[in-house]
Amino acid sequence: MYDEQQRPDHGPLSGFTVGVTAARRADELGALLQRRGATVVHAPALRIVPLADDSELLTATKELVDNAPDVVVATTAIGFRGWVEAADGWGLGEELLARLRGVELLARGPKVKGAIRAQGLTEEWSPSSESMAEVLDRLLEEGVDGRRIAVQLHGEPLPGFVESLRAAGAEVVPVPVYRWMPPEDIGPVDRLLDAALTRGLDALTFTSAPAAASLLSRAEDRGLQPELLAALHHDVLPACVGPVTALPLQAHGIDTVQPERFRLGPLVQLLCKELPGRARALPIAGHRVEIRGHAVLVDGSLRPVPPAGMSLLRALARRPGWVVARAELLRALPGSGRDEHAVETAMARLRTALGEPKLIQTVVKRGYRLALDPAADSKYADV
């Protein structure tokens, strides 16, 4: 019998494939996932374009230098640094910093605080939740009627933030530091979409709302948005770094998982919990068999399985212990045609990959079945 206490020879994400849509810090996220055993498919859904030469940013900077705001809200570290660097390039850097020293400076989170302090400035307040909603609540509680508030944008509109301030009587000066643009090469995004549609991904990660919106938009352009939404509803786990990132998906009725702390590390930790928790585990022929995305754990030992073998195994696992006919298994094989000999070939390779031939029984003239342990028969009888 298997020993559930034996030390695993794999990471918590081994056997799972995770899609990464991030443009910024994608290498860091990919490394965190791979360190825990995941196979990573990366396709930046967007690219970040700095606006150092953009007239909108120059106009906003001059306006703030000439007419000091009451409050400045800094939303991202990269955006705040980019703003100061652009101002330096225009010869306005010192004047901008002098202005910022005399206003109420709010930082959305610790990374923005670090960027502010690196410029010799000090933030007046930062929310513990790192949430723009909390920043908005504080401003509205203070009262914003007649106040001038500059908001450093971070590539996309802030849903409801600017509108709420203006509705409460504030004059809002947007500071657009950089923009999100479609990737120059759309090929990787299309391959990521195709992998999601064919269930070649177990999870899809999002670290910005624009990336989520961009992926949905690309799926719509290809006429595949309903199929993508179906995959995200049922088979591919959508994981977002925070609630703002999740908004484009929620607008399409997609439930997402999010870590309590809006950081890459907690996002990966969440996947380490969620994906193994969704894997099917069965007691078969005296062994514990856990079916993951592209591999199987047999008594805690990781067994990579070819795609055709995984298709057969999933078809058998849908009705554990029941005989599944060769014709049905043939339909489960990708691109197999009509020759049932393809089932026998794929089944032989599956048994070899599992390392335990007795896990799958051949039922003469009928098909194949998982050798479910007798004690489990009643539990799975109606599956």
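The values are calculated or read from the model by the stated rules, or taken from the named source; none is laboratory data. This is a predicted model, so every value here is computed, not measured. Backbone-built Cβ (ideal geometry, glycine too); neighbour counts: all protein chains shown. Remember, those area values only see protein heavy atoms, side chains included, never the ligands or the DNA or RNA. Shrake-Rupley method; radii C 1.70, N 1.55, O 1.52, S 1.80 Å.
Among the residues of the range 38-64, which ones are without any contact (Cβ under 8 Å) to a residue 60 or more places away in the chain and under 23 Å from T207 (Cβ atoms)? V40, the sole residue that qualifies. When only residues in the range 280-290 that are on the phi < 0 side of the Ramachandran plot, open to solvent by 10 Å² or more (accessible area, probe 1.4 Å) and touching a residue at least 24 places away in the same chain (Cβ under 8 Å) count, which is nearest to the chain's Cα centre (by Cα)? Restricting to residues being on the phi < 0 side of the Ramachandran plot, open to solvent by 10 Å² or more (accessible area, probe 1.4 Å) and touching a residue at least 24 places away in the same chain (Cβ under 8 Å), the top hit is R280. Report whether or not P188 is within 27 Å of D235 (Cα to Cα), in contact with a Lys or Arg (Cβ under 7 Å, 6 or more places away or on another chain) and not aliphatic (A, V, I, L, M). No. When G37 is tested against the conditions (1) open to solvent by less than 40 Å² (accessible area, probe 1.4 Å); (2) out of contact with any His (no Cβ under 9 Å at 6 or more places or on another chain); (3) in a loop (DSSP other than H, G, I, E, B), the lone failure is (2). The requirement of being open to solvent by less than 20 Å² (accessible area, probe 1.4 Å) and β-branched (V, I, T) is satisfied by V84.
Among the residues of the range 62-80 satisfying the criterion of being over 11 Å from Q152 (Cβ atoms) and part of a helix (DSSP H, G or I), which is least open to solvent (accessible area, probe 1.4 Å)? Ranking the candidates gives V65 first. Inspection of the range 262-278 identifies no residue that is open to solvent by 10 Å² or more (accessible area, probe 1.4 Å), part of a strand (DSSP E or B) and of a type outside the set (V, I, T). Among residues of the range 291-302 being in contact with a Lys or Arg (Cβ under 7 Å, 6 or more places away or on another chain) and either closer than 22 Å to T205 by Cβ or free of Cβ contacts under 8 Å to residues at least 60 places away in the same chain (or both), the one that is least open to solvent (accessible area, probe 1.4 Å) is A295.
Looking at the range 363-383, is at least one residue among the β-branched types (V, I, T), closer than 30 Å to A195 by Cα, modelled with pLDDT of 90 or more and not in a loop (DSSP other than H, G, I, E, B)? Break it down into steps so the answer makes sense when it comes.
Keep residues of the range 363-383 that are among the β-branched types (V, I, T), which gives 363-364, 383.
Add one more test, that the residue is closer than 30 Å to A195 by Cα, and what stays is 383.
So of that shortlist, the ones also modelled with pLDDT of 90 or more come out as none.
The answer is no; no qualifying residue exists.
At least 1 residues that are open to solvent by less than 20 Å² (accessible area, probe 1.4 Å), free of Cβ contacts under 8 Å to residues at least 60 places away in the same chain and not small (G, A, S) in each: list the strands (runs of 3 or more DSSP E) lying fully within the range 120-229 that qualify. Break it down into steps so the answer makes sense when it comes.
Working: elements: 148-153, 171-176, 178-181, 203-206.
Fully inside the range 120-229 and qualifying: 171-176.
So that you can scan it fast, the table gives a plain yes or no per residue for (1) surrounded by 18 or more Cβ atoms within 10 Å (Cβ to Cβ); (2) more than 26 Å from F16 (Cα to Cα):
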{"residue": "P306", "(1), (2)": "no, no"}
{"residue": "S311", "(1), (2)": "yes, no"}
{"residue": "L316", "(1), (2)": "yes, no"}
{"residue": "P320", "(1), (2)": "yes, no"}
{"residue": "L330", "(1), (2)": "yes, no"}
{"residue": "T345", "(1), (2)": "no, no"}
{"residue": "T362", "(1), (2)": "no, yes"}
